[in-house]
Each structure stands twice: as structure tokens, then as C-alpha cells.
């Protein structure tokens, strides 16, 4: 073999070697889906689709219905989204459009810190600080309002409201940092054009946000994906009661929380399989939500670059 | 424009909007301040030398510490990084060196997907492959779960940092007759190394604070062990157990544990911030 041939085979070896490590990532993702399906076969075969339509979760009686967990997961995540989205977008706009330069880095650091605090610490804080505060808020609510189904039930403190608030705190940094990146990719010409037409600051930013809308929806969805799978903090404040309720005050349960609480207690094969099936569905839901949100963010970032290229190309042609 | 609004009205609207954005920043900083305040004030009262050196006392007795759990956290995080760092860095190298290929896009997709998988689901997965077959919770399984979570973070950080290295450096090495592997390992990777180390440190800090993937892999243990095949206590799981317990003294220790966890995160973030500043400084010079 000549020197060039030898070098080529070394290069091929490098490609295959690093490629083998990269393959591990793909294998893990496939293995998660496969393993969770395999381990939950018993429950899938026994209950089929009824698993997701049944309201009763009674492990002692061998009755497994996952509807309360789906309900609790969606309710808490949507509640968190409703609280977090306006705040997160406000932060993103403030940092990327309004804030003086010297303040930008410290603010980015602080929001990143909000994301870096471990879930268990939020949970601990939730139990001893947030839940008593929520309880005080619930007790102080006028009884006329307490008649509404949204605020019915005893003021326990633990429950959907506390879970929504703590999830919102945890989701804000994710949504705001992606939204900030998306806003950064809006061409300056968008804002300058608006200003040139005599727009106020609000109107110029509105134009930029409108331009970035797909990416911003992606950012919000990414936050939703995080909220769906969040475990410890929610487990510690939601009250862990598998009962569907519209009330913000009622203790409820989520998919992630039931896994955290009951997994090591599952004493029958079927119980364990039912829990793993909940894990499987959580995996599939977050996979779909995350892929969709990345697709939106990605489709937003690309046309912006193409536009920039389109501006350059005619200039080059006219020069030729 | 329909419904002409007066210039004054538009200006008021604009100021209102600016005020609302500023307000949302303040709203987000309130919980951060509250969490840090309580963790520090409660934690400092509870933290003492015993916390680091003593073993947990039997239920009902006050005092004692979490020495076993601190060792446990170090062990599972160490185990996790032992296989996550090589896999993560190598796949990062692949994604940046063969960036245009279809397989690289697939790996990138897999990394982002894995990054978004809830940590509790990773726990369930590892339970299926590393606990059920051996009928035994173990430190090894805990390390495996944390490693699976670390791989995508390290892979994506490595990829991004390698792409920042000027192409001319790689081309220079190749022009001198280096093989592709040589160019990457002797020129490109060393240039990006400070950043990669920072990324790994941040990933370690994040992983050390994880609880959910350890609940049914490493499980928990109130006794001291360094065995890989035995269940092992960790700081996070212990804070969880103590926080939901009815004992006052356990709550006190949970706050101490939280303070230790937050200190680790804060220290790593500050270090990383300092390091990236330095790197940026070097590049601009």
C-alpha cells in the first residue's frame, strides 16, 4: 500500500471510530423506546387503549387507569405555560431589545442560574415556603369566588396551583433563552424599517416579534416539553392524589410524579408494567413536542439567513 | 391604518410596553432571590462539620450527617462521567468534522431528543436494562443513568466549540501532511479544549443535582458503601427523603443538603463564566 493509501485508510479509521461513538447516541434513543415497550407489554395487552380512558387507579384492586395522570400532567403544564409565557417573552424582549449593554450579561447569567438550580431544591423550597404561601392565599380568597369550580375544595396549599407556579418558575429560563436567540436572528432591517416609518419602540418590537413568530411558538413549546417531564419539584407540591378535578386547589397527580412515588413500591408484575407504560407514553409525548418545537425554531432560523443571502446576491450580480 | 391613534396614545402604549417587559424581568428575579435567600439562611444554620463527616443517625435521634451520601454522589457522578465524557466528546468530534453528512444530522437529532427525554424516563429505562436483570439496585446503575443524561450535553457542547475553531487551523495541519485524525487530535481539539472542559464541568454540576433518575437505579442507602453492586445513598435522594419526612431535624438537614447542592451549581457556573470570558478574551486578541 502506498503512502497515500495508508493515509486514506487512517482517515477512514478515524471516521469509523468517531462514528461508532456517535452511533451510541442513536442506539440509546432507540433502546429507550424498545425497552419501555418491551417492559410494559403486559399492561398494553391487558388494558389496551382503555388504560388511557379509565379514571380509576387502584393498585390494590389491580385496577390501572392512567387518565388522572394524563389530566394532571396536561393541566399543570398548561397552567405553568399560561403563567410563564408572558413573563418569559417579556424577559426575552427586554434582554434582546431594551436592556442597556452593561446589564445584558448579568441578566443572562441570572436567568441561567434560575435554570441551573436543581429540581429537588425547588421542591424543598416549595414544601416549606411556597405551599404555606399558597395556602394563605387560598384561605384569604373571598368565599364568593370559592364557589367557582376552579377554586373549590379545602385550602390545603399542596395541589395544582402550587405545582403550576413552581413549574412556571422552572420553565421561564428555557423559554426566554430560546426566544432571545430567535429574536436575535431577526434581521436588523426589520426594526430599522419600522423605525424609518415612524414606529414607536413598541411598534418596532411588535414587527420583530411578528417576524419571529414561528420561532417564538417553538420556544414556548420547548418550555411545554420541559414542564411535561419535570418530576421532583412537582411531586413534592402537587399532593399526589389520582383524582381528576378542575379545581386549582385540589391535590392531583402527574405521570412523572406517579413514577417517582410508586415505582419502587410496585409489588406485582402488572403494576410495574402499568407504570412503565406511563413512562413510555411520557417518552413519546415529550419526543413529539420537542421535535415539533425544534422544527419550528429551525425553520425560523433558516429563512432569516436566506433573506440575508438574497440581499447580498443581487449586489454581486450588478457588480458583475 | 384603521382607527388612527394619536401620537400621544402611541407613545403611552410604547412606554407601557417597556414597563411591562421590565416588570417581567423583576417578577422572574423574585423567586430566584427567594429560593437563594431561604436555601442560604436555612442552610447556613443547619450546615456544620458533622454534615460532611458523620453518618446518618437512626430515625428519631437528632444530629448526624450525610457523609455516605456525599461519597455516593461523587461516585455516581464520577461513574457517569467516566463513560459519558469519551462518548460525548467523540460523537461531538464526528458531528463537527462530518457536519454535512446525513448520519451527523441523525446523531444531532438523537442528541437533542435524548436531551429532552424527562430524567425520570431515563431512570425507568436504566431500571429495565441494569436493575431488573440483576435483581439489584446498584451504584453502577445510578452512574449509567446519569451518564446517559450527560452524553448529549457534552456531545452538543463539543460540536459547537469545535465549529468555532477557525477552519484555517485544520487546513494548515492537513496541508502539512497530517492525517485527519492527527489534525483533529493535535490541533483542533486542543484549541477548543478550555471550552470543552467548561462544558463538561457545567454538565457535571447539572447531573450532580439530579434526583429522579437515581430513585430506582442507585436507590438509597443509609449505610456507608463504596461497592458498585450495592444500592448507594446520594445527596439529592437523601434531601428528597428528608424533605418529605415528618421529622424537624431531618428538615434541617435537607436544607443543609440543598445549600451544598446550590453551592456546587453556583461555583461551577461562576467558574464557567470566568473561563468563557477568558477564552473570548484570548480569541479577540
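The values are calculated or read from the model by the stated rules, or taken from the named source; none is laboratory data. This is a predicted model, so every value here is computed, not measured. Positions of Cβ are backbone-derived with ideal geometry, glycine not excepted, and every protein chain shown enters the neighbour counts.
General remarks:
- When the residues of region A:54-98 are filtered to those that are out of contact with any helix residue (DSSP H, G or I) (no Cβ under 9 Å at 6 or more places or on another chain) and part of a helix (DSSP H, G or I), the one that is modelled with the highest pLDDT is A:71.
- Some residue of region B:215-224 being farther than 30 Å from residue B:273 by Cβ, surrounded by fewer than 16 Cβ atoms within 10 Å (Cβ to Cβ) and within 14 Å of chain A (Cβ to nearest Cβ): no
- Scanning region B:50-77 for residues that are under 26 Å from the mean Cα position of the chain (by Cα) and loosely packed, with under 13 Cβ neighbours inside 10 Å yields a total of 1.
- Considering residues of region A:89-115 that are at the interface with chain B (Cβ under 8 Å from one of its Cβ atoms) and within 14 Å of residue B:31 (Cβ to Cβ) only, the residue surrounded by the most Cβ atoms within 10 Å (Cβ to Cβ): A:91
- Checking residue A:177 against (1) part of a helix (DSSP H, G or I); (2) within 27 Å of the chain's Cα centre (by Cα); (3) closer than 27 Å to residue B:248 by Cβ, the condition it does not meet: (3)
- Yes/no for residue A:51 being away from every other protein chain (no Cβ under 13 Å) and either more than 23 Å from residue B:27 (Cα to Cα) or out of contact with any helix residue (DSSP H, G or I) (no Cβ under 6 Å at 6 or more places or on another chain) (or both): yes
- Selection status of residue B:182, part of a helix (DSSP H, G or I), within 22 Å of the chain's Cα centre (by Cα) and within 12 Å of chain A (Cβ to nearest Cβ): no
- Checking each residue in region B:115-128 for being buried (at least 22 other Cβ atoms within 10 Å of the Cβ) and either more than 7 Å from chain A (Cβ to nearest Cβ) or in contact (Cβ under 8 Å) with a residue 12 or more places away in the chain (or both) picks out B:118, B:119, B:120, B:122, B:123, B:124, B:125, B:126, B:127.
- Residues of region A:25-48 classified as at the interface with chain B (Cβ under 9 Å from one of its Cβ atoms) and either outside any helix (DSSP H, G or I) or more than 25 Å from the chain's Cα centre (by Cα) (or both), total: 2
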